[in-house]
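Report on the following structure.
What follows draws every value from the coordinates through simple rules; no lab data is involved. Computed from a predicted structure; not experimentally measured. Heads up, the Cβs are rebuilt from the backbone with ideal geometry, glycines too, and the neighbour counts pull from every protein chain shown.
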Amino acid sequence: MEKRALGRSGLLVSRLGLGTMTWGRDTDEIEAADQLKTFVDAGGTLVDTAAIYGDGDSERVLGGLLGTLVNRDDIVLATKAGISSTPAGRSVSNSRAALLSDLDASIARLGVEHIDLWQIHRWDESVPLEETLGALDFAVSSGRTRYVGVSNFVGWQLARAATLQYPLFGKAPIVSIQNEYSLLNREVEREVFPACEEMAIGFLAWAPLARGVLTGKYRSGIPSDSRAAAPHFAGQIAPYLDARSSRIVDALCVAGDGLGYSPIEVALSWVRDGAGVASAIIGARTAAQLRGALTVEEITLPDQVRDALNEVSAVD
C-alpha cells in the first residue's frame with residue numbers, strides 16, 4: 001500500500017487507515033484480530049483509536065494484539081484524548097491534567113512505550129488553547145508520543161493552534177488534523193483544507209463512506225444489521241438519509257456500474273485521492289467488510305468521473 005508523508009513531517013502513513021471505533025463493543029476480539037491482520041498483510045500501517053472509543057475497550061483490544069498478532073514497529077499507532085464519559089454523558093476537557101491523564105491511560109491500555117501520533121479529539125472553548133498546546137509539548141518532550149495532531153477543529157481553530165505551535169518557537173508542531181470528509185460531507189473544503197495547505201498539515205479523513213451510507217445499503221431502507229438500526233449509531237446516520245444524500249448515492253452507484261467498481265471503491269477512491277488527503281480511515285465492523293474496502297488499492301478514478309461526482313456533491 002502506498003505511503004504518504006503526514007504534512008511536512010517525516011511520519012509516513014498508509015493512504016488507507018484502519019479505524020477501531022467499534023472494537024470492544026460491536027466488533028469482538030476475534031473480528032478485531034482478523035481485521036488487523038488483514039490490514040497489515042495488505043500493507044496498511046496507520047491504525048487509529050481513541051481513549052473514548054468503547055470507554056477504553058478499543059485501546060484494550062488493540063493493545064492485546066500488538067506484539068503478538070502484529071509487530072508493534074509495523075504500525076503507526078494513533079490515538080486521541082480529551083473526551084470522557086460521565087454519568088451525565090460525554091464531557092470534553094482539554095486541560096493539561098485531563099489530557100495527560102488520558103495519554104498515560106492510553107499508553108497503559110495499549111501496552112506500548114509511546115504513541116506515534118497523539119491527537120486532541122476536539123476543540124474545548126473552556127480551556128485556554130495555550131494550556132492545551134502545552135500538554136502536546138510535554139507529551140513529545142517526555143517521549144510519550146512522537147508526533148501530535150488535532151481532530152474535529154474548524155479552519156480558524158486549526159490555523160491558530162498550528163501558528164502557536166510553530167517549530168521555530170521550539171514547539172512540537174501540529175502535523176495533522178483528522179476530520180470527517182466524504183462525498184456527503186465536504187465542509188472541510190471551505191476552511192480546513194486551505195489552512196492545511198497554507199501550513200503544510202496532513203489531512204486524515206474519517207467516515208469516508210459517510211458512516212456506511214455510501215456503500216449503497218440504505219437505498220431501499222434500513223437493514224436490521226446496519227449501524228442505522230443500532231440505537232447508539234442511529235442518530236449519526238440519520239442526517240445522511242435525506243434527499244440530497246440519496247441523489248449523491250444514486251450517482252455514485254451509476255458511476256460504479258459504469259466502471260465495474262463497487263460504490264465503496266468509488267467513494268473511497270474519491271476521498272483517498274483528494275488534494276491534500278494523507279489517508280482515508282476505514283471503520284469496518286467485520287473483516288469481510290474491510291477486505292471489500294481494501295480492493296480500492298487497485299483502482300484510480302478517471303478524471304471525468306471524479307469531476308462528475310464533484311459536481312453532484314458540491315457544497316452550497
Point to revise | Distance between region 246-289 and region 131-163 - C-alpha centres, whole angstrom | key: 30 Å
Exercise for review: Provide the percentage of antiparallel DSSP beta bridges, counting only those with both residues in the chain; round to the nearest 5.
Suggested key: 20 percent
Practice item. With an 8 Å cut-off on Cα pairs and a minimum separation of 6 or more residues, tell me the relative contact order of region 85-150 in percent. Key: 42 percent
Review point. Got a sec? Which residues in region 36-53 would a label at residue 101 touch, if it sits 7 Å along Cα→Cβ and we count backbone N under 16 Å?
Key: 51-52
Review point. Normalised by the number of residues in region 47-139, what is the relative contact order in percent for Cα pairs under 8 Å and 6+ residues apart?
Key: 33 percent
Exercise for review: For region 244-249, take each phi angle, set θ = phi - 60°, evaluate the Karplus expression 6.51 cos²θ - 1.76 cosθ + 1.60, and give the result in whole Hz per residue in order, putting x for glycine and proline.
Suggested key: 4, 4, 4, 5, 5, 4
Study note, to complete from the structure: The pairs in 3/217; 80/217; 37/217; 3/37 lying past 24 Å Cα-Cα in this model are 3/217; 80/217; 37/217
Practice item. Could you work out the relative contact order of the chain, using alpha carbon pairs under 8 angstrom and six or more residues apart, expressed as a whole percent? Key: 19 percent
Review point. Once both labels are modelled 7 Å past Cα along the beta-carbon direction, what's the residue 12-residue 308 spacing in nm?
Key: 3.6 nm
Practice item. Collect residues whose amide H, placed 1.01 Å from N in the peptide plane, falls under 5 Å from the amide H of residue 16; neighbours closer than 5 in sequence don't count. Key: 280
Check your understanding: Which angle between 0 and 90 degrees, to the nearest 10, do you get for helix 155-164 versus the longest principal axis of the chain when only C-alpha atoms count?
Key -> 30 degrees
Check your understanding: For Rg/Rh (Cα atoms, Kirkwood Rh), the listed values are (1) 0.99; (2) 1.06; (3) 0.95; which was obtained by calculation from the structure presented?
Key -> (3)
Revision key, fill the gap. With R₀ set to 41 angstrom, the calculated FRET efficiency between the beta-carbons of residue 286 and residue 168, to the nearest 0.05, is 0.30
